[in-house]
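Working notes for the structure below.
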C-alpha cells in the first residue's frame with residue numbers, strides 16, 4: 001500500500017491533461033483537497049468541470065499529469081479501479097438510479113454484490129441512510145415513482161452505502177426544479193458538516209459560498225482562479241472570473 | 001360416453017369419406033398424433049431454452065474487448081440469420097452428421113452420437129439464437145450508458161454490472177421482440193420434418209399417407225394444435241411482460 005497519511009491531500013491533481021480527440025478539455029489542472037474539505041468547482045459550461053471530476057474516479061482517462069487519491073495514482077494501469085471506486089463515491093446529474101430496483105434495493109445492491117456484506121446488515125444501514133437523506137417511508141418505491149429531488153437523494157444514499165472517503169457531485173442539482181434543489185443541497189450540507197470530503201461541480205453560487213472551504217473557477221480547461229469563498233466572490237482578480245460572476249450573481 | 005363419441009366418428013367416416021377423424025377412434029393413430037405433439041413440445045422447449053442462452057451469452061460477447069470474439073459472434077449471426085432454416089437443418093444433419101462419431105450398441109447397428117432430434121435442436125437453437133443475439137443487443141444498446149456508468153462507479157465489475165443492472169433492463173426492453181422470435185421458433189420446429197424427426201407435421205403426414213380420407217381432419221388438427229401451442233406461449237410471454245413491469249418506468 002501507500003504511505004498516505006491524513007495530513008496529506010486526500011485528492012491531489014498535478015498538471016492534468018485530457019483531450020477528446022483533437023479537443024483539449026483539460027490543459028494542466030492542479031489541485032489539492034484535504035480530508036474533510038468541501039471543494040466547489042464552478043465555471044462556464046464546456047470548461048471541463050465534469051470531465052475533471054470524472055477523471056478522479058477513473059470514469060475518464062487522462063493523457064498526462066497525475067491524479068492521486070489517498071496517495072494512490074488513479075491512472076496507473078496496474079491500479080485496481082474497482083478498489084478506487086469503492087473509496088470514491090459519485091453522484092450524477094441524471095441520478096442514474098437502477099430503475100428496476102426499489103429505493104432500498106438501489107442502496108443495498110453495491111454493498112451486497114461488491115463488498116459481499118450480509119444483506120441483513122446492509123439493510124439496516126441502508127434504511128438508516130435513507131432516513132438520513134429524509135426518505136423514510138419511500139424505501140419500497142421505485143425510482144419512477146419518486147420526484148427528481150427524491151431520486152437524487154436516493155443516489156446520494158446509494159453512494160454513501162459504500163462508505164466512501166470522498167464524494168464527487170457532478171452538477172447534481174442541474175436537472176432539478178427549483179423547489180427540489182434545496183432538499184438535495186441540505187442533504188449535501190449535512191454530509192459536509194459531518195466531515196465528508198466533498199468535491200462538487202455546481203452552478204449554485206449561493207450554496208458554494210455558504211458551504212465550500214475552497215472554490216475553483218475553471219475556464220477552457222485551466223483553473224483561472226481559486227480561493228476561499230469570502231475572498232473569491234468579492235475580490236476576484238481575473239477579468240474572466242469577474243465576468244462570469246457578474247453574469248451569474 | 002367415449003365409445004359413443006368414437007362410434008359417431010366411425011360412422012361419420014363411413015358416410016363422408018373426406019372426414020375420417022381416424023385418430024379419435026383408432027388407438028394406433030391416436031398414439032401417433034400424441035407422440036408427434038409431444039415431440040413438437042419437447043423440440044420447442046429445448047430450442048427456446050438454448051436459443052435464449054445463446055442470445056444472452058452472444059450479446060455479452062458482442063461487446064467483449066477481444067476483437068476475435070466479437071467478429072466470431074458477428075460471423076455466426078450473419079451466417080444463421082441469412083440462410084434459410086430448412087437448409088441449415090439439412091446441412092447440419094446430412095453434411096455435418098457424416099463427420100460426427102457413431103457407436104454400436106449391439107455390434108451390428110451403427111448409431112450416430114447425435115440423433116436427428118439432436119441435430120434439429122442444435123440447428124434450430126442456433127437459428128433462433130442468432131436472432132436473439134440481435135434482439136438482446138438492441139436491448140443492451142437501449143440501456144443508457146450512464147446507468148452502467150453508475151454501476152461501475154459503485155465498484156461493480158463489468159460482469160456484475162451486466163448481470164445486476166444491464167441484463168434485467170435489457171430483458172424488459174427486449175421482451176416484445178423476443179416473444180415474436182420465440183413464436184416464430186415454435187412454428188419453425190416443423191421443418192425438422194425434413195430430417196424425419198417424428199414431430200406433429202411428420203406424424204400427420206404419415207397418417208394421411210396411410211389414410212387419405214383422414215387428410216382434412218388431420219390438417220385441421222395441426223392448425224388447432226399450433227394455434228394452441230403458440231397461443232400458450234404468447235400468453236405466457238405476455239404474463240411475464242406484465243410481471244416484469246416496473247411502476248413508473250417507461251415503456
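Readers should treat all values here as calculations from the given coordinates under stated rules, not as data from a laboratory. The structure presented is a predicted model; accordingly, all values stated were derived computationally and were not measured. Ideal geometry is used to build each Cβ from the backbone, glycine not excepted, and the neighbour counts take in all protein chains shown.
Once the Cα atoms are used to define both axes, helix B:67-81 deviates from the longest principal axis of chain B by about 30 degrees.
As a proxy for reagent exposure, ranking A:179, A:225 by other Cβ atoms within 10 Å from fewest up yields A:179, A:225. GNM, chain B, Cα, under 10 Å: largest mean-square fluctuation among B:235, B:200, B:178? Ranking B:235, B:200, B:178 by mean-square fluctuation puts B:235 first. Residues B:223, B:237, ranked from the fewest to the most other C-beta atoms within 10 Å, line up as B:223, B:237. With contacts taken as Cα pairs under 8 Å and at least 6 residues apart, chain B reaches a relative contact order of 28 percent. Once each part is reduced to its C-alpha centroid, what is the distance from region A:69-106 to region B:84-153 in angstrom? What the calculation gives is 38 Å, centre to centre.
Would you work out if chain B is rounded, prolate or oblate? Take a ≥ b ≥ c from the square roots of the eigenvalues of the alpha-carbon gyration tensor; rounded if a/c is under 1.5, else prolate when a/b is larger than b/c, oblate otherwise. Taking the square roots of the gyration eigenvalues as a ≥ b ≥ c, chain B is oblate.
Here the contact order of region A:11-248, divided by its residue count and restricted to Cα pairs under 8 Å and six or more residues apart, works out to 27 percent.
Here residue B:245 and residue B:86 are evaluated by their C-beta separation; at R0 = 45 Å the FRET efficiency comes out at 0.75. Counting only alpha carbon atoms, the long axis of helix B:200-210 and the longest principal axis of chain B meet at about 20°.
For chain A, the longest principal axis of the alpha carbon atoms and the long axis of helix A:148-160 meet at an angle near 90°. For the pair residue A:245 and residue A:220 in one chain, pulling the backbone fully straight at 0.36 nm per residue adds 7.4 nm over the alpha carbon distance.
Using the rule -39500 (n - 2.57) for each DSSP H run of four or more residues, divided by the residues of chain B, the 222 nm mean residue ellipticity is -23500 deg cm²/dmol. Which residue, B:101, B:176, B:84, tops the fluctuation ranking in a GNM of chain B built on C-alpha contacts under 10 Å? It is B:101. May I ask for the distance between the Cα centers of region A:215-235 and region B:1-37, given as a whole number of Å? Rounded to whole Å, the Cα centres lie 91 Å apart. Taking the inverse of the mean 1/r over every pair of distinct Cα atoms in region A:9-129 gives a Kirkwood hydrodynamic radius of 16.3 Å. Rounded, prolate or oblate: which fits region B:122-251 when a ≥ b ≥ c are the square roots of the eigenvalues of the alpha-carbon gyration tensor, with rounded for a/c under 1.5 and prolate only if a/b beats b/c? Prolate, since a/c reaches 1.5 and a/b exceeds b/c. Site pair residue B:108 and residue A:182 shows an inter-label distance of 9.4 nm when each label is modelled 7 Å from Cα along Cα→Cβ. Taking a ≥ b ≥ c as the square roots of the eigenvalues of the Cα gyration tensor, the protein assembly as shown is classed as prolate, since a/c reaches at least 1.5 and a/b is larger than b/c. Cα centroids of region A:186-201 and region A:5-21: 20 Å apart. Going from the fewest other Cβ atoms within 10 Å to the most, the residues B:99, A:207 appear in the order B:99, A:207. Net length available on complete extension from residue A:27 to residue A:165 is 47.0 nm, with 0.36 nm assigned per residue and the Cα-Cα distance removed.
Springs between Cα atoms under 10 Å define the GNM used for chain A, and in it the highest mean-square fluctuation of A:22, A:150, A:105 occurs at A:22.
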